[in-house]
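Right, one structure below, let's go through it.
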Amino acid sequence: MLVKTFGSAVYGIEATTITVEVNIAAGTKYFIVGLPDNAIKESYFRIESVLKNCNYRMPRQQIVVNMAPADIRKEGSAYDLTIATGIMAASNQIEPQELDKYIIMGELSLDGGLQPIKGALPIAIQARKEGFKGFILPKQNAREAAIVTDLEVYGAQSITDVVGFFNGTIDLKREIVNTREEFYNSINNYDSDFSEVRGQENIKRALEIAAAGGHNVILIGPPGAGKTMLARRLPSILPPLSLQESLETTKIHSVAGKLAATDALVTVRPFRSPHHTISDVALVGGGTNPQPGEISLAHNGVLFLDELPEFKRTVLEVMRQPLEERRVTISRARLSVDYPSSFMLIASMNPCPCGYYNHPEKECICPPGVVQKYLSKISGPLLDRIDLHVEVTPVNFTELSSDRAAEKSGDIRERVIQAREIQIARFGKQPGMHSNAQMSTQMVRELCKIDNAGQLLLKKAMEKLGLSARAYDRILKVSRTIADLAGSENIGMEHLAEAIHYRSLDRENWAG
């Protein structure tokens, strides 16, 4: 008897429906074809043990399992339930009439329990697109799949639940998630707030500018100055995720298997902070079975690289292209997948190996030339993509012990949202562009015009501070953002002066 069941394969953040055909005929062997990997080939032993342990029958006949389309490689153990359901239907243990209306996915434990799968959300989106009635999957993944409306999602605890569902003996409860209610109830629920930071008003101002214009930032300062503390609070002042951004971010985290069973949506901007021993594949994504890397998990959020010079040079270099294009393409012999990677980069570093170069109180003990060598670990092209260089100085005791209430993240966020709305109106005709940081050189010339007095100030600053040529466009972009925060249509002298202040590493004498 021939029976068809349906599963799904995820490539990038998109899913492809896989038809699993099971035919039982005279004979004794088991064959599985259609480019399965080892995990799928091993499914026979898991399925046989599960059926025995759950008091079902494993047919002692020739079983042929074909996974179509046959030219796409199938990977992972998530097809266990799809294949097992097909075998049981072909051996008359499950009523086959309703099987073609559902996508069925899940990894089996030997006692019949179902283990969670990756990519439940993109699979559910594709299932609805192709007109399937429902999606049966492990209970742990049910909430993320139930985000998709007009698709019946059933979370099962074991294979017994699935068999009972198709035979009409068990009534599985449909998982329902009110997407909009879930989204709006959890939006901006951040654990940390800028009001917890004592002092550092100039750094808070720099991060507000960065958030308003989508600019990348590097914080330079001695150990214990508060660089990490400030960086971790950056997402709390960014504009809230839109529902579309939330769904896109959730898809990536679903594919990577990073969603908890209680989560349906990613409702706050991601904050990723990989250790400096990370490999280039782990950062940008890849592997034999391509998976999203840290830069994609930080999509629509913040990627924080602490102690930037300690990262391997190759790791930092592979990040240059995704920073520019806001997506990463991973190519293999048989397939090519795209992952979005539109994130804000915030990096921190000590000014030198000992950490006390330019410190107001402690003396740097590094030998001559060591500071410059330490800074040269960060390449010019990468530094070129960072708009704000901010020096962080330690907080003194008076500020640290002060009871004066600091400004809350919510108040700063309101100003950031207003500045972003100005930019959205400005770039309305440019698809995919929504912040000043994304402006090309030509757009900078058109939209960041300054008067003669401004030109003179910028010329003097470049000559006196020894600023490099690449600093010119960066200063204009940042000054445009500062003007937007002030609600000014034109870039004024005060906006330019503040932007010039944020180019520490471009000064020729900085590490001299």
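The values are calculated or read from the model by the stated rules, or taken from the named source; none is laboratory data. Just so it is clear, the structure is predicted and the values come from calculations on it, not from any experiment. Neighbour counts run over all protein chains shown; Cβ positions are idealised from the backbone, glycine included. Heavy atoms of the whole protein, side chains included, go into the accessibility calculation; ligands, DNA and RNA do not. Shrake-Rupley method; radii C 1.70, N 1.55, O 1.52, S 1.80 Å.
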Problem set entry | Inter-label distance for Gln430 and Gln115, nm, one decimal - labels placed 7 Å from Cα along Cα-to-Cβ | 4.8
Problem set entry | Accessible solvent surface per residue of the stretch 457-502, calculated while the other protein chains remain in place, 1.4 angstrom probe, Å² | 45
Exercise. What number, in percent, do you get for the relative contact order of the chain if the mean sequence gap of Cα pairs under 8 Å and at least 6 apart is divided by its residue count?
Worked result: 13
Seminar exercise, completed: With every protein chain in place, the accessible area of Lys408 for a 1.4 Å probe, in Å² rounded to the nearest 10, comes to 120
Exercise. Roughly to the nearest percent, how much of the accessible area of the chain is carbon and sulfur, given a 1.4 Å probe?
Worked result: 48
Exercise. If you work out semi-axes √(5λ) of the Cα gyration tensor in Å from the coordinates, which of (i) 41, 27, 19; (ii) 39, 32, 21; (iii) 54, 23, 21 do you get?
Worked result: (iii)
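Return one whole number: the accessible area per residue of the stretch 211-257 in Å², for a 1.4 Å probe. Display every interim value, and only then the final one.
Values: 1090 Å² over 47 residues.
Value returned for the stretch 211-257: 23 Å² of accessible area per residue.
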Problem set entry | Degrees between helix 201-213 axis and first principal axis of the chain (Cα, 0 to 90, nearest 10) | 50
For this session: Order Phe132, Phe31, Phe194, most accessible first, counting only protein heavy atoms with a 1.4 angstrom probe.
Result: Phe31, Phe132, Phe194
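Using 0.36 nm per residue of separation minus the Cα-Cα distance, give me the extension gain between Thr149 and Ser49 in nm, one decimal. Could the numbers behind the result be given before it?
On the way: separation 100, 0.36 × 100 = 36.00 nm, distance 3.60 nm.
Residue separation times 0.36 nm, minus the Cα-Cα distance, leaves 32.4 nm.
For Thr179, Thr398, what's the largest-to-smallest order of accessible area, 1.4 Å probe? The partial results should precede the final answer.
Values: Thr179 20, Thr398 105 Å².
If we order Thr179, Thr398 from most to least accessible, we get Thr398, Thr179.
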Problem set entry | Of Lys52/Lys258; Lys227/Lys477; Lys41/Lys74; Lys373/Lys464; Lys312/Lys464, those spanning more than 22 Å from alpha-carbon to alpha-carbon | Lys52/Lys258; Lys227/Lys477; Lys373/Lys464; Lys312/Lys464
Exercise. Can you pull the accessible area of Arg385 for me, 1.4 Å probe, Å² to the nearest 10?
Worked result: 50
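Determine by what factor the alpha-carbon radius of gyration of the stretch 237-359 differs from 2.2 N^0.38 Å, reporting the quotient. Spell out each step's value before the answer.
Working: Rg = 15.6 Å, N = 123, 2.2 N^0.38 = 13.7 Å.
Its radius of gyration relative to the 2.2 N^0.38 Å reference: 1.14.
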Exercise. With every protein chain left in place, what is the accessible area of Thr481 in Å² (1.4 Å probe, nearest 10)?
Worked result: 0
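Using only the alpha carbon atoms of the stretch 136-268, find the Kirkwood hydrodynamic radius as the inverse mean reciprocal pair distance, in angstroms to one decimal.
Details: mean 1/r = 0.0561 Å⁻¹.
For the stretch 136-268, inverting the mean 1/r across all distinct Cα pairs yields 17.8 Å.
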For this session: Compute the distance in nm between two label points, each set 7 Å from the Cα along the Cα-to-Cβ direction, one at Arg326 and one at Leu456.
Result: 3.8
For this session: Treating the Cα atoms of the stretch 74-208 as identical point scatterers in vacuum, please give the log10 of the normalised Debye intensity I(q)/I(0) at q = 0.15, 0.17, 0.18, 0.22 Å⁻¹, two decimals.
Result: -0.73, -0.88, -0.97, -1.35
For this session: Please determine, in degrees from 0 to 90 and to the nearest 10, the orientation of helix 243-255 with respect to the longest principal axis defined by the Cα atoms of the chain, where the helix direction is its Cα long axis.
Result: 60
